[in-house]
1. Just reorder GLU88, GLU109 by solvent-accessible area, largest first, 1.4 Å probe, all chains present.
2. What does DSSP give for the chain in terms of the percent of beta bridges that are antiparallel, rounded to the nearest 5?
3. So how exposed is THR153, as accessible area in Å² (1.4 Å probe, rounded to 10)?
4. Could you list which residues have their amide H under 5 Å from that of ILE70, counting only those 5 or more apart in sequence or on another chain, with H placed in the peptide plane?
5. Whenever you get a sec, line up TYR156, TYR21 from highest to lowest accessible area (probe 1.4 Å, protein heavy atoms).
6. If you take Rg/Rh (Cα atoms, Kirkwood Rh) from the coordinates, which of (i) 1.75; (ii) 0.98; (iii) 1.13 do you get?
7. Would you mind telling me the share, in percent, of accessible area of the chain contributed by carbon and sulfur at probe 1.4 angstrom?
8. Which lysines, if any, have their Cα less than 16 Å from the Cα of LYS159, not counting same-chain residues under 8 positions apart?
Amino acid sequence: PPQEPPKRPPPVRKAAPPPSYVPPPEVSVAPLPNPGPTITTTSAAPPPTPVAIAPPAPAVPRPTGTPARIDVSSCDKPEYPRAALRAEATGTTRIRFTIDATGRVAKAEIDKPSGLTREHRTMDAAAVEVLSKCPFRPGTDAEGRPVGGAVTTVDYVWKLE
């Protein structure tokens, strides 16, 4: 009869070695310094603080007058620039005018442009040029006298028709 091969013993499983022990480093701690003085409380109330109440400031009357205004009834309308028409550019140009006591424009500057493109800049320039020629009513002071240096803003809306 054939002989059975000898049985092998089961393999011996080796356990992993235990982790090595590294002691923590020594830390020296300095002793705490002497504590400062302690806070104590008393049952006596602090002396009252004198309170001075100032009388209210007299109301300063604000001068009332009227701001400068543009007379739109006799203004020419700015012509739409051709390049802006081709580009179909639209927007609103806000112009800040400084008006003298006679109602003439002393200074005109763009407060908010109608847009960012070259066509919008041509629209803004056209609005400033034409609207600066319009008659303005000067601002007045509290007594109704015309004053120079009055500032007013005008919004001109550019839209295709």
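1. Values: GLU88 130, GLU109 65 Å².
Sorted descending by solvent-accessible area, the residues read GLU88, GLU109.
2. Details: 20 of 20 bridges.
That works out to approximately 100 percent antiparallel.
3. 80
4. ARG137
5. On the way: TYR156 40, TYR21 180 Å².
From most exposed to least exposed: TYR21, TYR156.
6. (i)
7. Numbers: 8200 of 13870 Å².
Carbon and sulfur: 59 percent of the exposed surface of the chain.
8. Qualifying lysines at Cα under 16 Å: LYS77.
The values are calculated or read from the model by the stated rules, or taken from the named source; none is laboratory data. As the structure is a prediction and not an experimental result, all values here were calculated from the model. Heavy atoms of the whole protein, side chains included, go into the accessibility calculation; ligands, DNA and RNA do not. Shrake-Rupley method; radii C 1.70, N 1.55, O 1.52, S 1.80 Å.
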